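Peer 1: Encoded as structure tokens, here's the structure I'll be asking about.
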Amino acid sequence: MPKSRFEPSAEQTALLPEISGNTINGLGETELRRPSPIYWHKPDSISHGAAQAWMTDKFNAVEELAGVYSKPGARGPRRLDPVAEAKTQNTPQAWATMAKQFSLEHETDLVGIAALKAEWVFEGYDLEKEHPWLIILGIAMDYDGFAAAPSSDSDTRSALEVADKYNKGARAAAALANWIHAHGYNAKSHAGPWAGSITLTPAAIEAGFGELGDHGNIINDQYGSCFRLAAVSTDLPLIADSPREFGVDEFCSRCQICINACPADAISDEKKWVRGVKKYYVDFDKCVPYFNETHGCGICLAVCPWSRPGRAESLVVKLARRRAAQK
């Protein structure tokens, strides 16, 4: 997909705050710290709230998209079941196995477990009230629908596919949280597109979902970047999974497909310091205006070679052979 020049509308530009979103995100900071709320939190509590509200109004003005997140039952029960008074006893390993099995039987395609780290909890949220364990859920998207990105008022296929899978993730997280409650433990569901107390991408990497790609999103060895995240935080005793590497970093350093496809020129092939971690980073100030005007964009994830059905598995094998030959 060739890159075309993009200029945000004057109406949208006027809503952007004076402070750079990259500054809020911690671009250039070498010290580890918690993330600051910036876009998907409540609009009246964040600097980019006006831009988010503009995008939401534009989204809901399209008949096919209006109310897609608020239809009855779309995201599961509004309230979780109460926590059972008696705790079921079992080993952390057994709980981890059962929780994963339950999730895979209830609308989930990927499951991993991570111990909560303070640097994943947004500023403004009470760390003492967060549960010690995260069960991360991955919801695979239909590639053909998602690959129609970016969406427009007349072609909403990609935006509808994303919304459908965020809703599916919300249902899956609620089901798992209720299952945990039934066993006498506390649990809280987390589902996009809105942000809660925890940023899920680094947690998913820690839970073994894959590696961070040049486009700033996880690349998985089965679904590429064609999936969405949800999670459940809990005090259910669990065992953490381990991060996995299978060659994404090496691949992205040579690829450039998402860089060339981004109309906003927001993607770079250089890793940058962000809140104490050196990683691939997408320029927030360049990305968000185009994201807003295209109902969520998604071009970089759709063109990623890893996202094509069946391609991720073959790339893993190819990269493993290359590494073996280099030894």
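Peer 1: If Ala170 passes every condition in (1) surrounded by fewer than 23 Cβ atoms within 10 Å (Cβ to Cβ); (2) within 15 Å of Tyr69 (Cβ to Cβ); (3) out of contact with any Leu (no Cβ under 6 Å at 6 or more places or on another chain) but one, which one does it miss?
Peer 2: All conditions are met except number (1).
Peer 1: Go through Ala240, Ala264, Ala231 for me and flag whichever is under 19 Å from Gly169 (Cβ atoms) and of a type in the set (A, V, I, L, M).
Peer 2: Going through Ala240, Ala264, Ala231 in turn, just one is under 19 Å from Gly169 (Cβ atoms) and of a type in the set (A, V, I, L, M): Ala231.
Peer 1: If only one of Pro72, Pro17, Pro82 is in contact with a helix residue (DSSP H, G or I) (Cβ under 7 Å, 6 or more places away or on another chain) and either surrounded by fewer than 12 Cβ atoms within 10 Å (Cβ to Cβ) or without any contact (Cβ under 8 Å) to a residue 40 or more places away in the chain (or both), which one is it?
Peer 2: Checking each option against the conditions leaves just Pro82.
Peer 1: Also, quick follow-up: Are there any pairs with C-beta distances below 6 angstrom linking a residue in region 257-272 that is closer than 14 Å to Glu7 by Cβ to a residue that is modelled with pLDDT under 95 and assigned to a loop (DSSP other than H, G, I, E, B), with the two at least 6 apart or on different chains, and if so which?
Peer 2: Pro263/Lys3; Pro263/Ser4; Pro263/Phe6; Ala264/Phe6
Every residue, every condition in (1) on the phi > 0 side of the Ramachandran plot; (2) in a strand (DSSP E or B); (3) in contact with a His (Cβ under 7 Å, 6 or more places away or on another chain), yes or no:
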| position | (1), (2), (3) |
| --- | --- |
| Lys71 | no, no, no |
| Gly76 | yes, no, no |
| Asp81 | no, no, yes |
| Glu85 | no, no, no |
| Thr88 | no, no, yes |
| Thr97 | no, no, no |
| Phe102 | no, no, no |
| Val111 | no, yes, no |
| Ser152 | no, no, no |
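Peer 1: Give the number of residues within region 123-150 that are small (Gly, Ala, Ser) and either assigned to a strand (DSSP E or B) or more than 20 Å from the chain's Cα centre (by Cα) (or both).
Peer 2: 3
Peer 1: Still on this model: How many residues does region 1-54 contain that are assigned to a loop (DSSP other than H, G, I, E, B), among the hydroxyl-bearing types (Ser, Thr, Tyr) and at pLDDT 95 or above? Quick ask: steps written out before the conclusion?
Peer 2: Filtering region 1-54 for residues assigned to a loop (DSSP other than H, G, I, E, B) gives 1-9, 14-20, 26, 28-42, 46-48.
This time we only want the ones that are among the hydroxyl-bearing types (Ser, Thr, Tyr), so: 4, 9, 20, 30, 36, 39, 47.
Within this subset, residues satisfying the condition of being at pLDDT 95 or above are 20, 30, 36, 39, 47.
Result for region 1-54: 5.
Peer 1: Does Ala51 count as in contact with a helix residue (DSSP H, G or I) (Cβ under 9 Å, 6 or more places away or on another chain), farther than 23 Å from Ala170 by Cβ, surrounded by 16 or more Cβ atoms within 10 Å (Cβ to Cβ) and aliphatic (A, V, I, L, M)?
Peer 2: Judged against the criteria, Ala51 is a match.
Peer 1: If you check Arg228, Arg275, Arg244, which single one turns out to be basic (Lys, Arg), under 24 Å from Ala118 (Cα atoms) and touching a Pro at 6+ places or on another chain (Cβ under 8 Å)? Before you say what the answer is, go through the steps one by one.
Peer 2: Numbers: Arg228 fails: touching a Pro at 6+ places or on another chain (Cβ under 8 Å); Arg244 fails: touching a Pro at 6+ places or on another chain (Cβ under 8 Å).
Sole residue among the options that is basic (Lys, Arg), under 24 Å from Ala118 (Cα atoms) and touching a Pro at 6+ places or on another chain (Cβ under 8 Å): Arg275.
Peer 1: What residue, of Ala177, Ala203, Ala159, is of a type in the set (Gly, Ala, Ser), more than 21 Å from Tyr39 (Cβ to Cβ) and part of a helix (DSSP H, G or I)?
Peer 2: Ala177
Peer 1: Checking Ala61 against (1) at pLDDT 95 or above; (2) within 24 Å of the chain's Cα centre (by Cα); (3) not charged (D, E, K, R), which single condition isn't satisfied?
Peer 2: (2)
Peer 1: Go through the residues of region 177-190 one by one and say whether even a single one is in contact with a Gly (Cβ under 6 Å, 6 or more places away or on another chain) and under 30 Å from Lys272 (Cα atoms).
Peer 2: yes
The values are calculated or read from the model by the stated rules, or taken from the named source; none is laboratory data. Model, not experiment: these values are computed from the prediction. For neighbour counting, all protein chains shown are included, and Cβ atoms are generated from backbone atoms with ideal geometry for every residue, glycine included.
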